[in-house]
Amino acid sequence: MFRRPRQVVAPGAVHVPEWLSPERRAELVVACRQWARGPVPFRQTVLPGGGVMSVRTVCLGWHWQPYRYARTADDVNGARVAPFPQWLGDLGRAAVAEAYGDEDAARAYAPDTALINFYDDAARMGMHQDKEERSGAPVVSLSIGARCVFRFGNTEGRGRPYTDVELASGDLFVFGGPSRFAFHGVPKVYPGTADPAAGLRAGRLNLTLRETGMASRDA
């Protein structure tokens, strides 16, 4: 099979297929399973209107809940979230360097939180912006497991124009600059396309690394 080409989806939004090696995918699956055991476990987030997200999420460094960050998971068990590891920050910097070809931007990138989402075959993510952060630094997204449709839109609203990108296991997607606050979502996960070699027989893991801009508030 031919290797899929990298793609600039929008200014500042870059898709790099198969960036994660099979070995790194397997390492990340093991790490995600450890993080899922706590101190704060995977949970389905309850939205302010009472709806429940179909994805299951666990956070590192800072705990995200609509629509804020905190050090403790007050909507789950009140525990302080697991720390954000240095090696994951290094991976994020390597991702920025790969996507943008800009070593200065990579060195300046200092993610301090990760949201790890698990999608089963029925899970979806509606169009939304990542805008709780106080930083305009890029978001780094890593995919492991089942293929999905990643819908990348515009900064003005949830509708068109948008571009549908197929993300597969090992793919990298980085969005920053003019696209940092673009609406995006996952309308479909393809059953039967998981990555058993990475330790996932079903479903999809998505790790997003971000700078919160809130490090000085640590207590």
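The values are calculated or read from the model by the stated rules, or taken from the named source; none is laboratory data. This one's a predicted model, so the numbers in the text were calculated from it and none came from an experiment. For neighbour counting, all protein chains shown are included, and Cβ atoms are generated from backbone atoms with ideal geometry for every residue, glycine included. The area values use the complete protein model at the heavy-atom level, side chains included, leaving out ligands, DNA and RNA. Shrake-Rupley method; radii C 1.70, N 1.55, O 1.52, S 1.80 Å.
Laid out as a table, the results:
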read-out: Filter result (open to solvent by 20 Å² or more (accessible area, probe 1.4 Å) and of a type in the set (Gly, Ala, Ser)) within the range 122-134; value: Ala122, Gly126
read-out: Hits in the range 89-116 - residues which are in a loop (DSSP other than H, G, I, E, B) and open to solvent by less than 20 Å² (accessible area, probe 1.4 Å); value: Tyr109, Pro111
read-out: Thr193, sole failed condition from (1) open to solvent by less than 10 Å² (accessible area, probe 1.4 Å); (2) under 20 Å from Ala26 (Cβ atoms); (3) not in a strand (DSSP E or B); value: (1)
read-out: Residue tally, condition of a type in the set (S, T, N, Q) and not in a strand (DSSP E or B), over the range 118-157; value: 4
read-out: Only listed residue being in contact with a Lys or Arg (Cβ under 9 Å, 6 or more places away or on another chain) and either at pLDDT below 95 or assigned to a strand (DSSP E or B) (or both), chosen from Val58, Val40; value: Val58
read-out: The listed residue being open to solvent by less than 70 Å² (accessible area, probe 1.4 Å) and either closer than 22 Å to Arg124 by Cβ or modelled with pLDDT of 95 or more (or both), out of Gln65, Gln7, Gln86; value: Gln65
read-out: Conditions (1) modelled with pLDDT of 95 or more; (2) open to solvent by 50 Å² or more (accessible area, probe 1.4 Å): number failed by Thr72; value: (2)
read-out: Matching residues in the range 10-37 - criterion: being among the polar types (S, T, N, Q) and either open to solvent by less than 50 Å² (accessible area, probe 1.4 Å) or outside any helix (DSSP H, G or I) (or both); value: Ser21
read-out: Odd one out for Thr212 among (1) assigned to a loop (DSSP other than H, G, I, E, B); (2) open to solvent by 10 Å² or more (accessible area, probe 1.4 Å); value: (2)
read-out: Residue match in the range 54-77 (condition: farther than 22 Å from Arg134 by Cβ, without any contact (Cβ under 8 Å) to a residue 24 or more places away in the chain and of a type outside the set (Asp, Glu)); value: no
read-out: Qualifying residues in the range 160-180 (those that are assigned to a loop (DSSP other than H, G, I, E, B), of a type outside the set (S, T, N, Q) and in contact (Cβ under 8 Å) with a residue 12 or more places away in the chain) - the one surrounded by the most Cβ atoms within 10 Å (Cβ to Cβ); value: Asp171
read-out: For Leu142: the one exception among (1) out of contact with any strand residue (DSSP E or B) (no Cβ under 8 Å at 6 or more places or on another chain); (2) within 19 Å of Gly61 (Cβ to Cβ); value: (1)
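Let's see how each residue does on (1) touching a residue at least 60 places away in the same chain (Cβ under 8 Å); (2) open to solvent by less than 40 Å² (accessible area, probe 1.4 Å):
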| position | (1), (2) |
| --- | --- |
| Val140 | yes, yes |
| Gly153 | no, yes |
| Gly157 | no, yes |
| Arg201 | no, no |
